[in-house]
Amino acid sequence: MYRSNEREMALLRGTHLTSVIRVTPAMMFANVGAGGCILLSFSPDIPSGLWVWFCALTLSCLLACVSWWRMPDKGLMTSGVSRIKRSTLLAAGLACLWGVMIILWFPTSGGLQQMTISTLVTGMIGAGGFVLSPLPRASIIYVGIYTLASLIGLLFTGQTHFFAFALLLSLYSPMVVIGALLSWRKSTDLINAQRKASRQGEMLSVLLQDFELDAGDALWETDADGMLNHVSPRLIELLELAPNEHLEKRFVELLSDRCAELKKQGTELIECRQNFRALPLSLQGRRGVRHLALTGKILLDDQGRFVGRRGIVSDVTDKVNNERMLQTLAHTDSLTGLANRFKLRDTISALVKRDQPLALLSVDLDRFKSINDNHGHSTGDALLQVIARRLLGCAGDNMLVARLGGDEFALVVWQFESSTEITTLAQKLISNLSNPVTVAEREFRVGASIGISVRPPGGPHLDDLMVQSDMALYTAKAAGRGCWSLYSEEMGERSRRRLAIEEGLRHAIERGQIQVHWQPKVDLAQWEIVGAEALIRWSHPELGRVGPDEFIPIAEQCGLIDGLGHWVLEEACRAAVNELQGLTISVNVSAMQIQFGHFLEDLKTLLQRYQLAPQRLELEVTESVILDDPDQALAMLHAIRETGVRLALDDFGTGYSSLSYLRCFPFDTLKIDRSFITELLTRQDAQAIVRMITELAITLSKRTVCEGVETAEQLNAICATGCNEVQGYLISAPVPLSAFPRSLPERPSVVTVMTSELQN
């Protein structure tokens, strides 16, 4: 009871503890009353220490009563080991309070006081041991503490006649303990017996309930020859027996005439002398198909000879029909009536098990989300129903059409000649789904993209097949939607590469594979290096060099961007106060870093840790940080700017709403996208855009940086536009910190002239 965590022991502890809890108020009242009697016996010269003891006793009893009052239920179904141990400690504490009083005041008190204490202690030992008997350890410890304290008190008196009382107490206390243990054993056995009887009663109740629910069942009994010797009206009704038909045929023949399947499967089971249970029968009768369950057992006489059978025929028609309906519902999409994901998986699994060639087409509607958001879910549901009918119209007998959820559908095709037949079907589906759909007097065009995975014999299993079709679907969507894509090994290779990149990123930093390279920024007016941009580089041990344009999106998708970005930011702060001291350090920050996590707190922590002046750090963000939630982005960027850190809008000029952001977002620098710099010498509109951005920045008191400068001619053209800073391979490629240039060569004379004109 004090060790096991099994439910049976928890129930037993709960019952025993409840019996003690119910008498807690009475026990506490008795303790306080006994304490009051002690005080009265010392009246009127009551020692102050005794008052302290009485207050401690009263407070302990009061706390116990308060705890009892706060219990939601004064009974416990179950109890843990720790709770019953706490109860033991409480009993020990109460006994110790009394023990202190006995040891301190019994030896020095008068005859009346000693008689009062002796009487009360003797009663408390007996009553406490009995009351605590459901908790045997508590009872033993309680009686033991009282007895030990009493023996000490008697011995401290130094009077020889008290030794007789000590001897009597030594005999009396063990008898109390033995009685308590016997009482606990008896109550435990009684509790177990009651619980066993309760379980048996519940079992009988369940059996009776089952019998009442199956009151429509029919009993049957046959003799040794198999002829019915007990035919109830219910049996005649279930089997639809003709008058006297049971007198002409054996029971098994009556069943076989009505259930053809029984002739093949059940006759042998019934004929052999064995018990059987819930043998299914489907009978075609006047009221349609009825489903019965036949149960039977053999009958033996006193000598063990076979004398017949006895059993029950149960009408389970409703149960079978309900199960079939639930099976249908479980495998059918409630909105469209198509098969659902479970049915699709079962069908593919069966085809794969037979190693039959099949094709899986994943269909995703292209513009459904905007229709659903703008016109309501009811319109979207109606549109999905039309799409489902069109898919069924294109499907043949060798196909299964399923809705996976949302606007995702799938087709499984088997028994086809070649993959050309599947691609032709895919094009047919795309053409059909691209036709206008009329819903609620509105005309919509959705279109679809399709990913195809063809499984030859011995091909991939279910999950791999679905992954392949999803890969092909993503490829089709990336190709511009409204088209189909057939899975190829190249797609699989891309997927495996992505998984390898994701797995490698998880340990790239700790393995020293990630490095920060630095590209200088040059001030055109002074022709000197004024800043450096931190650019992350990764050398994968197997994949080789992986570009940030490839692994950064993967890091954002798999949730690794926070750790990666924090590491780069910390490296930038460290370099800014050491090797790159005096330069403005630029760090690219992902939109997901700013929108989620604790970026602002981390930024402040790093600035304080490295004692870096905030104005020497510049964070570069793109418009993606603004698009999803402009209000939240505005608040976050202003909070960052309040720290003193500078903000730069990267790839400026490529977003559709960049100009509107300049009015309210606190950017210090505009980085002109490299696409304009590349075409600066070949297209006049690129020159005009760069000049316009530069003039706009001057008007708004912002600096401009042209990135991607690779030739002297581009540099000259940039100088003519009035840009402030440049960076690119003409100055320096991104290099490790050890190779970062400390100075620049003399600039070309034409550049010098143009820059001088700009200064004037």
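Here, each number is a calculation from the coordinates, and none is a lab measurement. Bear in mind the structure is a predicted one, so any value in this text is a computation, not a measurement. FYI the Cβ positions are ideal-geometry reconstructions off the backbone, even for glycines, and counts take in every protein chain you see.
Find the relative contact order for the chain and round it to a whole percent, using C-alpha pairs within less than 8 Å whose residues are 6+ positions apart. Please list the in-between numbers first.
On the way: 1084 pairs, mean separation 45.7, N = 760.
It comes to 6 percent, rounded to a whole number.
May I ask for the angle, rounded to the nearest 10°, between helix 161-213 and the longest principal axis of the chain, with both axes built from Cα atoms and the value confined to 0 to 90°?
For helix 161-213, the angle is close to 70 degrees.
Order 25-32, 434-441 from most to least packed using the mean count of other Cβ atoms within 10 Å.
Working: 25-32: 16.8, 434-441: 12.0.
Output ranking for 25-32, 434-441: 25-32, 434-441.
Which percent, to the nearest 5, of DSSP beta bridges fully inside the chain are antiparallel?
Numbers: 66 of 92 bridges.
Around 70 percent antiparallel, to the nearest 5.
Before anything else, pin down the relative contact order of segment 331-487: Cα pairs under 8 Å, at least 6 apart, normalised by residue count, whole percent.
Values: 276 pairs, mean separation 45.8, N = 157.
Computed over segment 331-487, the figure is 29 percent.
As I understand it, the value is the acute angle between the Cα axis of helix 111-131 and the longest principal axis of the Cα atoms of the chain; what does it come to in degrees, rounded to 10?
70
Quick one: putting +1 on the C-beta of Lys and Arg, -1 on the C-beta of Asp and Glu, what dipole do you get for the chain around its Cα centre, in Debye to the nearest 20?
Working: 72 positive and 83 negative charges, 645 e Å.
It works out to roughly 3100 debye.
Rounded to the nearest 0.05, what FRET efficiency do residue 113 and residue 172 have when you use their Cβ-Cβ distance and R0 = 25 Å? Numbers along the way, then the final one.
Numbers: r = 21 Å, r/R0 = 0.84.
The formula returns an efficiency of 0.75 here.
Can you give the FRET efficiency for residue 46 and residue 81, using 1/(1 + (r/R0)^6), R0 = 30 Å, r = Cβ-Cβ distance, to the nearest 0.05?
Step by step, r from the Cβ atoms, then E = 0.10.
Note down the nm distance, to one decimal, between modelled labels 7 Å out along Cα→Cβ at residue 295 and at residue 2.
4.8
Stretch residue 367-residue 415 to full length: gain in nm at 0.36 nm per residue minus the Cα-Cα span?
On the way: separation 48, 0.36 × 48 = 17.28 nm, distance 3.23 nm.
14.1 nm is the gain from fully extending residue 367 to residue 415.
Quote to one decimal, in nm, the extra length available between residue 695 and residue 29 on full extension: 0.36 nm per residue of separation minus the C-alpha distance between them.
Working: separation 666, 0.36 × 666 = 239.76 nm, distance 9.14 nm.
Answer, rounded to one decimal: 230.6 nm.
Can you give me the angle between helix 419-433 and the longest principal axis of the chain, using Cα atoms only, in degrees from 0 to 90, rounded to the nearest 10?
Helix 419-433 sits at roughly 90 degrees to that axis.
Where does the chain land at 222 nm, in deg cm²/dmol rounded to the nearest 500, when only DSSP H runs of n ≥ 4 count, each adding -39500 (n - 2.57), divided by all residues? Display every interim value, and only then the final one.
Values: 30 runs with 419 residues, N = 760.
Rounded to the nearest 500, the figure is -18000 deg cm²/dmol.
Can you tell me the FRET efficiency between residue 488 and residue 463 if r is taken as the Cβ-Cβ distance and R0 is 22 Å, rounded to the nearest 0.05?
Details: r = 19 Å, r/R0 = 0.85.
Efficiency computed from Cβ-Cβ geometry: 0.70.
Using a simple spin-label model with points 7 Å from Cα along the Cα→Cβ vector, what separation in nm is obtained for residue 245 and residue 604?
8.9
Say the cut-off is 21 Å between C-alpha atoms; which of 521/702; 343/428; 343/477 go over it? Present the calculation step by step, with values, prior to reporting the outcome.
Values: 521/702 16 Å; 343/428 24 Å; 343/477 26 Å.
Long pairs (Cα-Cα over 21 Å): 343/428; 343/477.
Any chance you could run the full-extension gain for residue 198 through residue 302? It's 0.36 nm times the residue separation minus the Cα-Cα distance, nm to one decimal. Walk me through the numbers on the way to the answer.
Details: separation 104, 0.36 × 104 = 37.44 nm, distance 3.46 nm.
Once the chain is fully extended between residue 198 and residue 302, it gains 34.0 nm.
Using the basic label-point model (7 angstrom from Cα toward the beta carbon), what is the residue 342 to residue 596 distance in nanometres?
3.1
Just checking my list (i) 49; (ii) 57; (iii) 9 against percent of Cα pairs over 52 Å apart computed from this structure; which label fits?
Matching entry in (i) 49; (ii) 57; (iii) 9: (ii).
Please sort by residue number the chymotrypsin sites (Phe, Trp or Tyr not before Pro) in segment 474-573 whose DSSP state is loop and whose Cβ has at most 15 other Cβ atoms within 10 Å. Each step should come with its number before you reach the end.
Working: sites: 474, 484, 487, 518, 527, 538, 551, 567; in loops: 487, 527.
Listed in order of number, the matching sites are 527.
Between exposed trypsin sites (Lys or Arg not before Pro) in the chain, where DSSP calls loop and at most 14 other Cβ atoms lie within 10 Å, what's the longest gap? Walk me through the intermediate numbers first.
On the way: sites that count: 3, 22, 74, 273, 286, 287, 305, 354, 445, 511, 663, 683, 742.
No qualifying site falls inside 75-272, the longest such stretch.
Below 8 Å, C-alpha to C-alpha, sequence gap of six or more: please give me the relative contact order for segment 559-622 in percent. Mind showing how you got there, number by number?
Details: 63 pairs, mean separation 27.6, N = 64.
Reported relative contact order: 43 percent.
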